[in-house]
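To start, the structure itself, in structure tokens.
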Amino acid sequence: MDLYDVMRTTAAVREFTDDPLPDSVLHTILDNARFAPSGGNRQGTRVVIVRDAATRARLVEITEPGARRYHAQKRVGETPWSALVPSRVTDEEVAVTPVPAAVTEPIRKAAVVLVMCVDLSAVAALDKDLDRVGVVAGASVYPFVWNVLLAARNEGFGGTITTMAVAQEPALKELLGIPDQYAVAAVVPLGKPVKQLTRLGRAEVAELTHLEHWEGGPLQELRRA
Ligand SMILES: Cc1cc2nc3c(=O)[nH]c(=O)nc-3n(C[C@H](O)[C@H](O)[C@H](O)COP(=O)(O)O)c2cc1C
């Protein structure tokens, strides 16, 4: 596929056919994704490849508490899991919130589930001393994760970055034997999409750009020379 077509049509895929994703194709996907950048080229990303049904069933259990809170907050109009705004949702309200099938079924049904980890001992977190949630460490793993999804799209497969399970990271690490110094960045179900979306809802360039200064106005579309 053309690169721009891949970039513009790599949607979040949560419904999969029964088609397998053979190890040979998975190897091709990872063999291309590994060219992602990382801070200092330290390449601290590791991928646990899960196909086993019992492991997936446990992954679903681990995913549910984070997802339950996410959807309880979403129901009342909060930004779920906000690092800025405290939640007003009670534990009792969370406890009675159902977890949608769209959260659990991809983990059960995708051809394979990739658990993306990053070695925190290899990451330069330039924002670690700031009085806000860290974002820089993620930049050493998410380019790899996104490359996996781009490569999967190119091979006719798809999936989604999911993060609900990370709320229970200790259980996740125990399940998969992930060493202490690693953080889990995402759980990515991958398989053959039931349907392929090709028109994604995204902000225009003018909505997300500021020329020279935050007050500087947007970059408008211009005819290229
Ligand atoms: C950091 C991050 C976390 C996400 N977590 C989840 C998740 O836990 N579960 C899920 O179903 N989708 C998750 N998504 C997928 C987003 O919901 C999806 O990318 C977005 O809604 C755009 O969907 P579209 O590409 O189909 O338009 C996540 C995406 C990102 C980038």
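The values are calculated or read from the model by the stated rules, or taken from the named source; none is laboratory data. Since the model is a prediction, treat every value here as computed from it, not as a measurement. Every residue, glycine among them, receives a Cβ derived from its backbone with ideal geometry; neighbour counts consider all protein chains shown. Note: accessible area is taken over every heavy atom of the protein model, side chains too, but ligands, DNA and RNA are not part of it. Shrake-Rupley method; radii C 1.70, N 1.55, O 1.52, S 1.80 Å.
Observations on the structure shown:
- Surface analysis of the stretch 130-174 yields an accessible area of 47 Å² per residue, using protein heavy atoms and a 1.4 Å probe.
- Charged side chains reduced to their Cβ positions (Lys and Arg at +1, Asp and Glu at -1) give the stretch 82-165 a dipole of some 280 debye around its Cα centre.
- The alpha-carbon of K109 sits under 26 angstrom from the alpha-carbons of these lysines, leaving out residues fewer than 8 places away in its chain: K74, K173, K192, K195.
- 13 Å beta-carbon shell around L200, net charge (K/R +1, D/E -1): +2
- Of the whole protein surface, R51 contributes about 90 Å² of accessible area at a 1.4 Å probe radius.
- Percent accessible area from carbon and sulfur atoms, the chain, protein chains only, probe 1.4 Å: 53
- Separation between Cα centres of the stretch 178-212 and the stretch 51-94, rounded to whole Å: 19
- Sorting 127-133, 35-41 by average packing, meaning the other beta carbons within 10 Å per residue, from highest down gives 35-41, 127-133.
- Here the stretch 3-197 is assigned +1 on the Cβ of each Lys and Arg and -1 on the Cβ of each Asp and Glu. Its dipole about the Cα centre then comes out at about 320 debye.
- Approximate spin-label separation E92-R51, in nm, with each point projected 7 Å along Cα-to-Cβ: 4.8
- Cα principal axis extents for the chain, largest first, Å: 57, 46, 37
- Counting 0.36 nm for each residue step from H210 to T28 and taking away their Cα separation leaves a gain of 61.7 nm.
- Sparse packing (at most 15 other Cβ atoms within 10 Å of the Cβ) combined with a DSSP loop state is found for the following chymotrypsin sites (Phe, Trp or Tyr not before Pro) in the stretch 148-214: W214.
- Estimated from the Cβ-Cβ distance and a Förster radius of 30 angstrom, the FRET efficiency linking R108 and D2 is about 0.35.
- Burial ranking of peptide ranges 17-30, 76-89 (average Cβ count within 10 Å, highest at the top): 17-30, 76-89
- Across the chain, the relative contact order, built from alpha-carbon pairs under 8 Å that are at least six residues apart, equals 33 percent.
- Separation in nanometres of the label points that stand 7 Å from Cα toward Cβ, at R202 and E15: 2.3
- Fully extending the segment from V133 to Q181 would add 15.4 nm, taking 0.36 nm per residue of separation and subtracting the current Cα-Cα distance.
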